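Only one structure is covered here, and it is reproduced in the block below.
Coordinate-derived values only; no laboratory data. The structure presented is a predicted model; accordingly, all values stated were derived computationally and were not measured. Positions of Cβ are generated from backbone atoms using ideal geometry, with glycine treated the same way; all protein chains shown enter the neighbour counts.
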Amino acid sequence: MKKDWLPLLLIPAVAVVALPLVGSPTSWVTLTAAGLAMGLMIFVMASGLTLTFGLMDVLNFGHGAFIAVGAFVAASVMLALSPWMTVDSLWLNLAAVGPAVLAAMVVSGVLGWGFERVIVRPVYGQHLRQILVTTGGLIVAEQLLKVIWGPDQITLARPTALRGAFLLGDVAIEKYRVLAVIVGLVVFAALAITLNRTRIGLLIRAGVENGEMVEALGYRIRRLFVGVFVAGSALAGLGGAMWGLYQETVTAAIGAQVAVLVFIVIIIGGLGSVGGCFVGALLVGLSANYIGFIAPKVALGSNILLMALILLWRPQGLYPVAKR
Amino acid sequence: MLATEDLTIRFGGHAAVDGVSCAFQPGTLTSIVGPNGAGKTTYFNLISGQLAATSGKVRLNGEDITGYAAPRRSRLGLGRAFQLTNLFPNLSALENVRLAVQVKSGKGLDLFSRTLGHRELIDRAMTHLAAVSLAERAQAIAATLPHGDQRKLEVAILLALEPDIFMFDEPTAGMSIDEVPTVLDIIAAIKARGDKTILLVEHKMDVVRSLSDRIVVLHQGKLVADGKPAEVINSDIVREAYLGGAAPRDAHG
Amino acid sequence: MVRAILSDDLPRSRWLAVALVLIVVGLAVAPFLFPGAKSLNVAAKICVFIVLAASFDLLLGYTGIVSFAHTMFFGIGAYGVAIALTRLGAEWTAVAVGIVAGLIVAVALAALIGLFSLRVRTIFFAMITLAVASAFAILASQLPALTGGEDGLNYRLPAALRASFSLADGTLFGVRLNGRLVDYYLVYAASLVLVLVLLRVVNSPFGSVLMAIRENPFRAEAIGYRTVVYRTIASCIAAAVAALAGSLLALWSSQTNPDTTLSFDIMVDILLMVVIGGMGTMYGAVLGAVLLVFAQNYLQDLLGIANQALAGVPLLAGLFHPDRWLLWLGVAFILCVYFFPTGIVGSLRNRRS
Amino acid sequence: MAEPLLSLRGVKTDIGRYHILHGVEFDVPEGGLTMLLGRNGAGKTTTLRTIMGLWRATAGEVRFAGRNIAGLATPDIARLGIAYVPESMAIFADLTVQENLTLAARSGPPDQKRLDWIFSRFEALKRFWTLPAGNLSGGQKQMLAVARAIIEPRRLLLIDEPTKGLAPAIITNMIDAFRELKDGEASLLVVEQNFAFARQLGDTVAVMDDGKVAHTGSMAAFAADDALQQHLLGMGMGEHQ
C-alpha cells in the first residue's frame, strides 16, 4: 500500500484556491491562521471518537457531553483562579490555565470511564440501540450540567497574556489562535508517535483492523478499548476547554453544537482513521473560515457541501480503514 | 437458459472464481461440488448478484445480466436459498413466505391497501408453507422455529418466488436425518416438472449422486470437471481435488 | 368497520385499547372538559406531536432508519405556512400555497438525502442527517428576510381561525364557539386522519416490505425488493407527514420560530416519544407523544413540589428543579432502550400473552 | 500413557441459535501433531475457535495441560501458550511484516535466532520485512500468519488450513517447519483439506462429521484404510449416517 498523499494535498490546495478569492493577502493569512486553529481544536475533540469507533465499532453520540464537561470544568477552575488570569503575567496566566485544562481532562476522562461502563458496554455490536442509548446519555449529561452549573451561559475571559494579536507587518494573528495551533499540533504529534512508535499504538492499529486476532495473540482488547475511550474523552475535555476559551462563553449546548462539526470531520476522514480525522478537521476549519469571509451567507452550508463533495469522491471518507 | 462466460472474481490478488464458463439447461439438476474454499458459494453469489464479477458475464436466456443488482435478477426468475439460514427473524413464518409471494404480484409499492385484504397472496403463501409441511407453524415467529424448520422455511421462500432457476446452497445442512427427505422430495418434485433449471451445492455425496443429472466440480475457483455423476465421481481429477489437494491438472485432460 | 379504520392493526391489549379510546375521546372533548387557553394549547400540541412522532416511528420503528433530520421536515412544513401567511396575507389560499410548498420541499429534500446516503450504514446515516439538520437550522436563522431569523415569524391566521371569529352566538357548555375552537378541531381532525393514514401505510403490502428490510435488508434484496427505493419512499412519506404536522402547528400557534420547529430539542423530544411509547407500533408514538407533552407541561409542576420539599439540599434540589424534567425522561429513555425495547405498548401487549 | 496436552470432552457450541458442535471429543498428545479432518461444515473451524475461546462452549470441557480452559477469555487462553492461525489468516494489513511479528512476540522484541530460523523457512518474510503486510501475496500472508504463531515458543499451535493457496515448494517448507516444532517444543492441531499434506505430517487424526468426532486414531492406520477415508471424507458414498 503506497502512502496516499492526495487527501493531504487538499489542504494546501484549498488554501491556494482561496487566496485569489479572498483577495487581500493579509486577510488571507489571518483567515488561514483562524482556520488552522479551529481545525486543530476540532481535531483534538474528534480524534478519540474516531479511534473508539475503529477499535470496537462503537460510535458515541454522547461524545459532545465530554466536550461540554471539559469546557465547564475549565471555566470553573479559571473563574476560581481569576486573579491570576487578569494579571499581566504570562506565567501566572498559565498557572491558572494549566490546572484548568488538566482538571478538564481528568474530569472528562473519569466521566468517559463511567460512561463506557454504564451506557456503552451493554450495547456492543447493536448499532441502533447504541445510537439511541448514547443519545440518551447526551440528554441526561446535558441536563446534569445544567443542574451543576446552572442553566445560564458562563462568560469566560481569556487570560491577559493570550489576548490581542501578534503583528507581522500588516498581518494580525490572534495570540490565542497561535496557542491553539501549537496545542493541536502537539496532540497530533503525540498521537502519531503513540500510534506509530509504541507497542500500545501498534496494538491500537492492529485492533482497528481485527480486534479478534489481537485477542488471539494474547492481548486484552477490552482494556485497550477502555483506555482509548478514556483518553478520547480526556481529549474531548481538552478540546472543550480550548473551545470555551476561544468562544469566551460556555453553555450546556456547546457539546451538541461542536459534536456536529466533530461528526462531519470524522465522516470526511474515514471512520477509524486518525490521519483522516486530522486532514478532515483542517479542511473543515479552513473552508469554514474562507467561505465565511468570501460569502457569509453560504458559510453555514459549507461544511455539508464539503462533506458531500468528499463523499462523492471517496464514499468511505478520505482514509477508509481496511477492515479484516 | 442460464450461462456464465469466463466468470471471474478476484479479492485482492486471489481469484476466488476463476474463468468459469458453464451453461445450465432447463429440466436438469446440476450439482456443483468441490472442496472447502473451491468457490462454490462465491459462484452462486456471482450468479444471483450478491457479488459483482471482476470480469466475465452472466447470461439469462441470452440477456446479459452481469450488471444487474440482486433484486432485479430475482425478479427475472433467479431464485436462491441460502447456506446459512437467512430469514426475517421477527416476522411470522407466513409473513416470511408472503413477502416472497408479494414480489411476483408487484404489490410491494401498494401503500394504501390492507395486507390482510390480499387473501390470494396469503393463500398462496400457505400453499408453499404446506409444501414444506410447516402449515401448522404459519403464525410462529421465524426466530423461534427449530433449526430444521427454519431450513424448510428457507426453501418455502424460494418456492414462493416461483423462479425459473432454483439455486440451493446446502439445503440440508444442519438438518436432522428425519427432516432431510422433506427437502429432497421438494427438490425432486421441482425436477419432475421438467422445465426448471436446478443448481445444487451439496456435500453429502449420496444426495448428489441420487439427484443429479450432471455434476460440475470446482477446485481453487476453476471448473475442473463436468459430466455425468458416475463419470465425475470416479474420475482421478475429482479424487485429487478432494483428497490430493495439489494443483489441478488440465480441466479437459 | 373498526378493523378497516385501524387497517387490521388492533391494539391487542385491553389496557392499550382503553388508553387509546381515552386519548381519542379525551382530545375530542378537551375544549369542553378542560376549558382555558393553556389546556387547549396543550391538547393541540398533543395532536401535532402525535402526528410527528408517528411519522418518525415509520422511519425508526418500522424501517430501522435513525434520522436526526426529522424536525427539519417539521420545520419546513411550519415555515411553509408561516411564510405564505406572512407574504400573501391571512387567506386560505396562502395556507394552501404554504402547505403545498412545504410538502414539495420536504419530499424533494428527503428523496435527495435518501438516494444520496441511505445505502450507507445506520451510524453513517444518523451522523449525516444530524449534520444536515443542524446546517438547515442555522440556515433558517441566518435568512431573516425570509424566516424572521432567530425571532421567527408572527403572522395572522385566516379570519375563521382567530379568537375574534364567532361561529355561533353564545356558548356551549360554557365555552365560547369562536375561531380557536374551529382551529382546534381542524388540527384534531387532520391529526386523526394522518395517523390513520400512517397506520394504513404500515399495514399495507408496502409496510410489510419496510419491516422485512428492517429485519434483514440482505434477504429483502435477495428476494427482489430494492431496499434503497423502499427506504427512500418511506423517508419521503415520513417527511411529508412531518411537514404536514409542521403546517398544523403553524396554523395553530400563529407564530413559527426555530426553537419550536427546528431545534435539536424537538428532535430529542420525538425520539423520546417513540422509544418510550414503543418503537414499531404506531400506537406507541401516540402514547409517547401524549406522555411527553403532558410531562413537558405538567411534570414541571410536580417537580416544583419536590423541589420545594428539598429546598435545603443543594444538589438534590437542583435535580428536581422544574426545568429538569427532561433529565428524568432521559433516564427513562435509557432504561427503555435497555430493558423495554418495545416500550410501553410492547409491555402492555406482553402482559396479555 | 501420559496425559494428553489438550483434550476435549463433550464440547458443545452454539452460534446464535444454531447448534454447531454436538459433543466433540478428542485428544492432542503432548509433542504430537493431530490432524483434524472432515467435510465442509463438519465443525472443524468451530472446534478451533471454541478451543481458542472465540466461541464460547455451551457445555463440555476443554482441558489444556490439566486445566479446564472452557470459559476463559481468549487473551487468557493465548497466554497459557496457545497460538492460533485462523483460516482467514487475519494478518494486520496496515502493519508491516515486522510490526505484525513484533506484536505477536508478547514477551519482548523477537529473538534473532528464532527469526533467522523462520526466515530460513519463509524467505519472503525477510525480503518484505518493512512492507505493509497487505501488499503480500496470498501465500506470503499465509507464511506470515504461521510465523506470527511461532515467533515465540508456544505449547500448542492451532492452525486452520495452512496450505490453502500455497505453492508446493512452500508447502514443503511448511512441513519441515512443523516437523521441527513438533520435535522441539510444541504440539500441533491442524485442520486440513489437503489429504496428501495431512498424511505426511500427522501422527494422529480426528475426523469430524456433523459437529461430532466420528473417528480418532493413528494417521498411519487411517491413511491405509481407503474405505474409511472414503466414508468419512466424502468422496466415497456409503450411507450418510
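So here's what we get for this one:
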{"item": "Inter-label distance, nm, simple model (7 Å from Cα along the C-beta direction), C:Gln296/A:Asn196", "result": "5.1 nm"}
{"item": "³J(HN,Hα), Karplus 6.51/-1.76/1.60, whole Hz, each residue of the stretch A:181-198, x for Gly, Pro", "result": "4, 4, 4, x, 5, 4, 4, 4, 4, 4, 5, 4, 5, 4, 6, 9, 10, 10"}
{"item": "Gaussian network model of chain B, springs between alpha carbon atoms under 10 Å - residue of B:Leu199, B:Leu84, B:Leu116 with greatest fluctuation", "result": "B:Leu116"}
{"item": "Inter-probe distance in nm under a simple model that places probes 7 Å from Cα toward Cβ, at B:Asn61 and C:Ile5", "result": "4.8 nm"}
{"item": "Residue with peak Gaussian network fluctuation, chain C [Cα springs, cutoff 10 Å], from C:Met279, C:Met211, C:Met127", "result": "C:Met127"}
{"item": "Mean projected area (nm²) of the alpha-carbon convex hull when the stretch D:85-153 is viewed from all directions", "result": "4.1 nm²"}
{"item": "Antiparallel DSSP beta bridges within the protein assembly as shown, percent to nearest 5", "result": "60 percent"}
{"item": "Among A:Val16, A:Ile42, A:Leu111 - extreme Cα towards positive end, dipole of the stretch A:1-141, charges at beta-carbon", "result": "A:Leu111"}
{"item": "Residue-by-residue Karplus 3J(HN,Hα) for the stretch C:11-20, coefficients 6.51, -1.76, 1.60, Hz, glycine and proline x", "result": "x, 6, 6, 4, 5, 5, 4, 4, 4, 5"}
{"item": "Tilt relative to chain B, helix B:147-160 - C-alpha long axis, 0 to 90 degrees, to 10", "result": "90 degrees"}
{"item": "For the protein assembly as shown, calculated [θ]222 nm from helices alone, where every DSSP H run of n ≥ 4 adds -39500 (n - 2.57)", "result": "-18000 deg cm²/dmol"}
{"item": "For D:Tyr84, residues with placed amide H under 5 Å, excluding near neighbours", "result": "D:Leu158"}
{"item": "Segments B:160-171, D:216-227, D:85-96 sorted - mean Cβ within 10 Å per residue, highest first", "result": "B:160-171, D:85-96, D:216-227"}
{"item": "Listed residue (B:Ala23, B:Gln150, A:Tyr124) projecting farthest to the positive dipole end of the protein assembly as shown, Cβ model", "result": "A:Tyr124"}
{"item": "Shielding of D:83-95 by partner chains, average beta-carbon count, 10 Å", "result": "5"}
{"item": "With at most 14 other Cβ atoms within 10 Å, longest stretch of chain A clear of loop chymotrypsin sites (Phe, Trp or Tyr not before Pro) (DSSP)", "result": "A:125-324"}
{"item": "Trypsin sites (Lys or Arg not before Pro) within the stretch A:140-217, DSSP loop, no more than 14 other Cβ atoms inside 10 Å", "result": "A:Arg163"}
{"item": "Check: the stretch A:6-313 dipole with +1 on Lys, Arg Cβ and -1 on Asp, Glu Cβ, in debye", "result": "400 debye"}
{"item": "Cα-centre dipole for the protein assembly as shown with unit charges at Cβ (Lys and Arg positive, Asp and Glu negative), debye to 20", "result": "1220 debye"}
{"item": "Shielding of C:330-339 by partner chains, average beta-carbon count, 10 Å", "result": "6"}
{"item": "Whole-Hz couplings from phi, Karplus 6.51/-1.76/1.60, listed for the stretch C:96-111; x for Gly and Pro", "result": "4, 4, x, 4, 5, 4, x, 4, 4, 4, 4, 5, 4, 5, 5, 5"}
{"item": "Whether chain D is rounded, prolate or oblate, judged on the alpha carbon gyration tensor where a/c under 1.5 counts as rounded", "result": "prolate"}
{"item": "Prolate/oblate/rounded call for the stretch A:6-313, Cα gyration tensor, a/c under 1.5 rounded", "result": "oblate"}
{"item": "Listed residues A:Val14, A:Val265, A:Val120, most fluctuating in chain A (Gaussian network, C-alpha, under 10 Å)", "result": "A:Val14"}
{"item": "Estimated distance in nm for a label pair at C:Ala96 and C:Leu316, the labels positioned 7 Å out from Cα along Cα-to-Cβ", "result": "6.2 nm"}
{"item": "Sequence-separation-based contact order of chain A, relative, with Cα cut under 8 Å and 6+ spacing, percent", "result": "35 percent"}
{"item": "Shielding score for B:78-89, defined as the mean number of other chain Cβ atoms within 10 Å", "result": "4"}
{"item": "Magnitude of the charge dipole, the stretch B:87-162, Cβ model with Lys/Arg +1 and Asp/Glu -1, debye to 20", "result": "60 debye"}
{"item": "Loop chymotrypsin sites (Phe, Trp or Tyr not before Pro), the stretch C:148-189, which have at most 10 other Cβ atoms in a 10 Å radius of their Cβ (DSSP)", "result": "C:Phe173"}
{"item": "Cα-based convex hull volume of the protein assembly as shown per residue, rounded to whole Å³", "result": "202 Å³"}
{"item": "Mean separation of Cα contacts under 8 Å (6+ apart) over length of chain B, as relative contact order %", "result": "27 percent"}
{"item": "Lysines whose Cα lies under 26 Å from that of D:Lys44, excluding same-chain neighbours fewer than 8 positions away", "result": "A:Lys323, B:Lys40, B:Lys152, B:Lys204, B:Lys222, D:Lys12, D:Lys141, D:Lys164, D:Lys182, D:Lys212"}
{"item": "Fraction of alpha-carbon pairs over 17 Å apart in the stretch C:184-274 - percent", "result": "61 percent"}
{"item": "10 °C / 1.306 mPa s Stokes-Einstein diffusion coefficient of the stretch B:87-162, Kirkwood radius on C-alpha pairs, µm²/s", "result": "131 µm²/s"}
{"item": "Charge dipole of the stretch D:85-153 about the Cα centre (unit charges at C-beta), most positive-ward option of D:Ala124, D:Gln98, D:Ala149", "result": "D:Ala124"}
{"item": "Shape call, the stretch C:17-155: gyration tensor on alpha carbons, a/c limit 1.5", "result": "oblate"}
{"item": "Highest average packing first - B:122-132, B:55-65, D:187-197, A:152-162, Cβ atoms within 10 Å", "result": "D:187-197, B:122-132, A:152-162, B:55-65"}
